[in-house]
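Notes follow once the structure below has been shown.
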Amino acid sequence: MTTIRPARSEDAEALPTIEQSAGLAFRAIADLAWLADGDNVAVGRHRALIAGGACWIAADEKDQPVGFLSAGIEGGAMHIWELDVHLDRQGQGIGRALLERAVADARRRGLAGVTLTTFRTVPWNAPFYRKFGFRILEGAEIDERLASVLGDEAEHGMPSDQRCAMRLDLSRAGTH
Ligand SMILES: CC(C)(COP(=O)(O)OP(=O)(O)OC[C@H]1O[C@@H](n2cnc3c(N)ncnc32)[C@H](O)[C@@H]1OP(=O)(O)O)[C@@H](O)C(=O)NCCC(=O)NCCS
């Protein structure tokens, strides 16, 4: 049984281990297996994101984090920086629950949308978000902010032809 709750500063130290474990999923994809050995987000950066008030934890029965979603409010939208579920806990609906919580919070704040960058064809990346109503942005739809995120990723060795920016538009759907 897992519970979704807002992240607290003291959760930050547990998050790189979860990211590391989550990333092992990429070992199944030959081209991207190297990601499993990549750097994780530093604890200090997690603390800063948590302080921003848009990070959630999936906690186990002992209130220990087994997954997390880190986001921030950027240019009128919620931007998801990280979504990771411990490898042993993947495929049990935890990622979906974290994403639902973040999207509900973005709606509550009256934000126009939720954005992120991810891999186009990895099954648990763009296809996963598409099920929630996110769509891949192409060409001029990619604003300066998202282009800069994609540019930073390319500088860090991400294969830019396989990355994409996605957006869930909240300006019409679900607002009455
Ligand atoms: C992406 C991630 C957070 C999803 O969390 P999860 O708890 O495993 O996901 P859920 O159990 O809620 O599954 C939701 C959907 O994800 C997709 N999915 C998750 N794992 C998958 C896998 N191994 N293969 C294919 N699809 C998968 C499915 O579409 C699934 O929907 P379904 O149950 O209707 O088939 C998790 O797989 C993870 O940590 N992956 C590694 C890190 C990563 O890629 N993060 C996202 C960066 S943008």
### Task
Could you check which residue among Ala30, Ala12, Ala165 shows the biggest mean-square fluctuation in a GNM of the chain with a 10 Å Cα cutoff?
Ala30
## Note on the structure
Rounded to the nearest 5, the percent of antiparallel DSSP beta bridges in the chain equals 90 percent
#### Entry: Helix-only CD estimate at 222 nm, as mean residue ellipticity for the chain, using -39500 (n - 2.57) per DSSP H run (n ≥ 4)
-8500 deg cm²/dmol
#### Entry: Euclidean distance between Cα centres, the range 12-32 to the range 108-140, Å
20 Å
#### Entry: Value of Rg to Rh for the chain (Rh from inverse mean 1/r over Cα pairs, i.e. Kirkwood)
0.94
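Every number here is computed from the coordinates shown, using simple stated rules; none is lab data. No experiment lies behind these values; they were computed from the predicted model shown.
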